[in-house]
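Below is one structure, written out as structure tokens; comments come after it.
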Amino acid sequence: MSDEGLSSEGERTVAFLLSLRARGIGDLSVLRAMERVPRERFAPARFADLARQDVSVPLPCGQTMTAPHTVANLVSALDMQPSARVLEVGTGSGYVAALLAAMGGEVVSLERYRTLALAAHERISGSGYAESVDLRHADGFQPDRSLGRFDRILVNGVANSMPEALLLRLSPGGRLVGALRIEGLARRVVVTRAADGAAFDHALGPLVRLPPLAPGLAQAL
């Protein structure tokens, strides 16, 4: 690549990060991860030119790649810690799983659509984060008990309520971030589990734009 190409690439990255800062994203660990993981490598090829814009991008199976500022909002609320075990519900393109891995997480990512799971697996395999991401075609609302518990859980979509089976996969002292539909509007929710594991606390946050989540498995559309 020419020096001009490198400069242009760097300028696009800086502009992308500055646009997120302008939207109120100040978590440096999240911004560093978004700098290291190029979003265009995870977007469908025909939408790669939109990858560094703060917009959602269409994916197969009627799904979407969430807008970057919403992703950053959710991941910031996770309060990621090094070497945390992270469960991601809704792999989509695989971009968020790569971000979580770039932040030091050991990630298990569950995707209900086989078409998306296969494509995301291929992208992550070429991203440099494959060793830190265990991607599965599975129902995220009914995670396999053999997976154990997780320090952090990220739900990439809007649910009417968080299933008990998912909450029980949260370790004592752990944190779940997702979105709930409240009076027709999607609001970010942060669920923390008490250190003794006995109680859950739900804290509603700002409005977010995320697709609805559906339980069960799907092969493809």
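The values are calculated or read from the model by the stated rules, or taken from the named source; none is laboratory data. Just so you know, these numbers come straight off a predicted model, no measurement behind them. Here the Cβ is made from the backbone with ideal geometry for all residues, glycine too, and neighbour counts use every protein chain on show. Note: areas computed on protein heavy atoms with side chains; ligands, DNA, RNA excluded. Shrake-Rupley method; radii C 1.70, N 1.55, O 1.52, S 1.80 Å.
Contact map, the stretch 135-153: residues that are assigned to a helix (DSSP H, G or I) paired with residues that are open to solvent by less than 30 Å² (accessible area, probe 1.4 Å), Cβ distance under 8 Å, separation 6+ or inter-chain. Pairs shown: Leu147/Leu87; Leu147/Val108. Among the residues of the stretch 106-148, which ones are open to solvent by 50 Å² or more (accessible area, probe 1.4 Å) and either at positive phi or aromatic (Phe, Trp, Tyr) (or both)? Once the filter is applied, which keeps residues that are open to solvent by 50 Å² or more (accessible area, probe 1.4 Å) and either at positive phi or aromatic (Phe, Trp, Tyr) (or both), the stretch 106-148 yields only Gly128. The residues on offer are Gly128, Gly173, Gly157, and the sole one that is under 18 Å from Val71 (Cβ atoms) and small (Gly, Ala, Ser) is Gly157.
Only one of the numbered conditions (1) free of Cβ contacts under 8 Å to residues at least 60 places away in the same chain; (2) open to solvent by 50 Å² or more (accessible area, probe 1.4 Å); (3) within 15 Å of the chain's Cα centre (by Cα) is violated by Asn160, and that is (3). Taking the criterion of being touching a strand residue (DSSP E or B) at 6+ places or on another chain (Cβ under 8 Å) and not in a strand (DSSP E or B), the residues of the stretch 156-168 that qualify are Asn160, Ser161, Met162, Leu166, Leu167.
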